[in-house]
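The values are calculated or read from the model by the stated rules, or taken from the named source; none is laboratory data. As the structure is a prediction and not an experimental result, all values here were calculated from the model. Here the Cβ positions follow ideal geometry from the backbone for every residue, glycine too, while neighbour counts run over all protein chains shown.
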Amino acid sequence: MTEAETPSAAPSLTGLEVIERALETLPLAPGVYRMLDAKGDALYVGKARSLKRRVHAYTQVARLPERLRRMVFETRSLEVVTTGSEAEALLLEANFIKKLRPRYNIVLRDDKSYPWLVMTEDHPWPQIAKHRGERRKGASYWGPFASAWAVNQTLTALQRVFLLRTCRDTVFDSRTRPCLLHQIKRCSAPCVERISKEDYAALVREAKDFLGGGIPSLQRKLATEMEEAAEKLEFERAASLRDRIRGLTHVQGSDRVHLDGVNDADVVALHQMAGQSCVQVFFFRGGRNNGNRPFFLSHAKAEQSAEEVLGAFLAQLYDDLPPPPLVLVSHDPQDAPLLAEALSLKAGRKVEIHRPQRGEKRAAMDHAATNAREAIERRMAEGAAQADLLAGVARIFDLPAPPERVEIYDNSHIMGTNAYGVMVAAGPAGFLKSAYRKYGIKGPAPAIPTISPAPAPRGGDDFAMMREVFERRFGRALKEDPGREGESWPDLVLIDGGAGQLSAAREILAELGVDDIPLVAMAKGPDRDAGREWFHQSGRDPIQLPPRDPVLYYLQRLRDEAHRFAISTHRTGRSKALVRSELDDVPGVGAALKRKLLNHFGSARGVRNAALSDLENAPGIGPAVARRIHGHFHPGAGPGRVSEG
């Protein structure tokens, strides 16, 4: 794979001229092209069997739809990456689209990771648990699951049927008696060896067989064992086996959608309505339904066909997910044979894309399509309600139009420590989680309040925190987007406080040259009663809203979300600070070396007071590292000297 970039275009060149100049050097090979605007941001990412022929189509401006004409007009440079085949180009295109989120592409906005089930295999007593993130060696994985709820349901079933431990190794090693899970018959208590290693290993094998789709054979095996136990008058064992069979029956009956004869597959249904597109995906693994999840696509225009939208979705969905052997679809995606070839290349085995016409597979598809339609209807209803609330905000605060982006600021600290300021954002689609920001306060910490007969007026240090947050947030925005052409500028800023906070915030923004953004301070009412808040705005008298006003509830929700985010950010920072030690400040001492030092010397104080010879003799340290550590704690001290602590 090779990458090339067209020479920087002169400002006078139009987008069409930039493309025509790039055509002079473009190869006929397959690959991916990226059209960039004047700031270098990606406008569009496309794949091609022949880069030269595909890009040449953009010079026929009269034949292009209006959307692509605008794209050509905005293009100022073009980058290409050649690949070995068109299938490789399709995979690379999907990766670029998810990473760059170009304005003129159909983009799957999905920032959440998928949960998996993991079973550790590097421990004498394997553990079954929920997992997110990268895989590691010494473990087996099953998934993906559509949600945390779906994986938790399966995990609970596994506990009931196979009695495997779910506790962490540190908890397992410290147990001296069985935990509550053993009492409620969800664990076999291997921590205190209430079960032999051989019997536990048998449970592990059965669990793997279950996760691999072997439910019927396992159910028959347990039924046979239950009958044998009953004949031998081993009634306690027979009852235990009966409970496990009931657990398996519950798992089978809890799935609303079944695909008999299909082990691993995804059911993918698209529904379009009022210019919006929703894709509902049901994940089937090991013959079980691992849950379903709706996906909403951005930049999908009304003129784009269902086949085009679904093809773009599938390529991006499997960019970071392993594709199953069978993908059932509601519409034949664009370039379906090429897409199947690309997914097969990614999976290392054949992947089939099939549109079912009848039978059980068609019934599952119809069910998924119904879910997609209902999801988009709910989203549109919620969007209409959200639009009404934002229109109410505009009316109350005399804004020129309903705000597309509201930013809410708050801060949190305890006695001047671990001070953080935060910003949350909301808009017509609800809270914009990807836009949330946290700011660790770098300036002087807020002063520790003193006890006095009269409470000190609020301000001072909180004003300094607000100044730092505003300077960092809007200073960066002015640097990155001075023309305010992007979507990162707020239409309304909401802060927690009264007239004093409003005046300070207005002064800070004016110093930055940002004096045209509406600013509202939301002060708590008497006795901090919710519903009696005062709203302060420059040039207007403070107002209160009727206690049952929906807009008041909305503004309270915005403030409470900022407060929640501030508190959680502060707690996270405080937790990290609690586990820090003097060793974190020693250059070249990472987590592994820190662990060795603490294991050998018992504490950071023991390391600080250790002689150079003791450090050199510690396992895994070495003379050079020992001198560095000793020199950090005892600058100027001679070898072998010990500082009294």
Practice task
Could you give me the residue pairs with C-beta distances under 7 Å whose first residue belongs to segment 600-626 and is under 16 Å from ASP584 (Cβ atoms) and free of Cβ contacts under 8 Å to residues at least 60 places away in the same chain, whose second residue is acidic (Asp, Glu) and surrounded by fewer than 18 Cβ atoms within 10 Å (Cβ to Cβ) wherever it lies, and which are 6+ apart or on separate chains?
Solution key: ALA604/GLU582; ARG608/GLU582
Problem - Residue in segment 175-193 that is farthest from LEU203 (Cα to Cα), counting only those that are of a type outside the set (D, E, K, R) and loosely packed, with under 10 Cβ neighbours inside 10 Å - result: THR176
Practice task
Answer yes if at least one residue in segment 149-156 is in contact (Cβ under 8 Å) with a residue 12 or more places away in the chain, in a helix (DSSP H, G or I) and within 19 Å of GLU121 (Cα to Cα), and no otherwise.
Solution key: yes
Completion exercise
Of the conditions (1) surrounded by fewer than 19 Cβ atoms within 10 Å (Cβ to Cβ); (2) under 20 Å from ASN263 (Cα atoms), the single one that LEU328 does not satisfy is (1)
Fill in the blank from the handout: Residue count, segment 105-125, condition touching a residue at least 60 places away in the same chain (Cβ under 8 Å), hydroxyl-bearing (Ser, Thr, Tyr) and farther than 16 Å from PHE313 by Cβ, comes to 0
Problem - Matching option when the condition is over 26 Å from ARG472 (Cα atoms), of a type in the set (Gly, Ala, Ser) and touching a residue at least 12 places away in the same chain (Cβ under 8 Å), among GLY392, GLY430, GLY348 - result: GLY392
Exercise for the section: Kindly indicate whether any position in segment 294-311 is at pLDDT below 90, polar (S, T, N, Q) and under 25 Å from the mean Cα position of the chain (by Cα). Expected result: yes
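Inspect all residues belonging to segment 249-262 and state whether any of them is more than 19 Å from LEU163 (Cα to Cα) and modelled with pLDDT of 75 or more.
yes
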Practice task
Tell me which residues, restricted to segment 111-130, are in a loop (DSSP other than H, G, I, E, B) and surrounded by 16 or more Cβ atoms within 10 Å (Cβ to Cβ).
Solution key: TYR114, PRO115, TRP125, PRO126, GLN127
Exercise for the section: Return yes when TYR58 is touching a residue at least 24 places away in the same chain (Cβ under 8 Å), closer than 19 Å to ALA312 by Cα and among the aromatic types (Phe, Trp, Tyr) and no when it is not. Expected result: no
Exercise for the section: Give the residues of segment 131-140 that are part of a strand (DSSP E or B) and over 20 Å from the mean Cα position of the chain (by Cα), sorted by residue number. Expected result: ALA139, SER140
Exercise for the section: Scan segment 547-563 and report the pairs whose first residue is not in a helix (DSSP H, G or I) and whose second residue is not charged (D, E, K, R), with Cβ atoms within less than 7 Å and a gap of 6+ or a chain change. Expected result: PRO547/GLY531
Exercise for the section: Identify all residues within segment 21-70 that are more than 24 Å from LEU108 (Cα to Cα), among the hydroxyl-bearing types (Ser, Thr, Tyr) and surrounded by 17 or more Cβ atoms within 10 Å (Cβ to Cβ); write none if there are none. Expected result: TYR58
Completion exercise
Restricted to segment 598-621 and to residues being outside any helix (DSSP H, G or I) and loosely packed, with under 12 Cβ neighbours inside 10 Å, the residue modelled with the lowest pLDDT is GLY602
Handout entry: Test: GLU374 is surrounded by fewer than 18 Cβ atoms within 10 Å (Cβ to Cβ), at pLDDT 90 or above and out of contact with any Lys or Arg (no Cβ under 8 Å at 6 or more places or on another chain)
Key = yes
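Condition first: surrounded by 17 or more Cβ atoms within 10 Å (Cβ to Cβ) and within 26 Å of the chain's Cα centre (by Cα). Now tell me which residues in segment 154-166 satisfy that.
THR154, LEU155, THR166
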Handout entry: Residues that are touching an Asp or Glu at 6+ places or on another chain (Cβ under 9 Å), part of a helix (DSSP H, G or I) and closer than 19 Å to PRO333 by Cβ, drawn from segment 93-110
Key = ALA94, ASN95, ILE97, LYS98
Exercise for the section: Please tell me if GLY275 is surrounded by fewer than 21 Cβ atoms within 10 Å (Cβ to Cβ), closer than 30 Å to ARG67 by Cα and touching a residue at least 12 places away in the same chain (Cβ under 8 Å). Expected result: yes
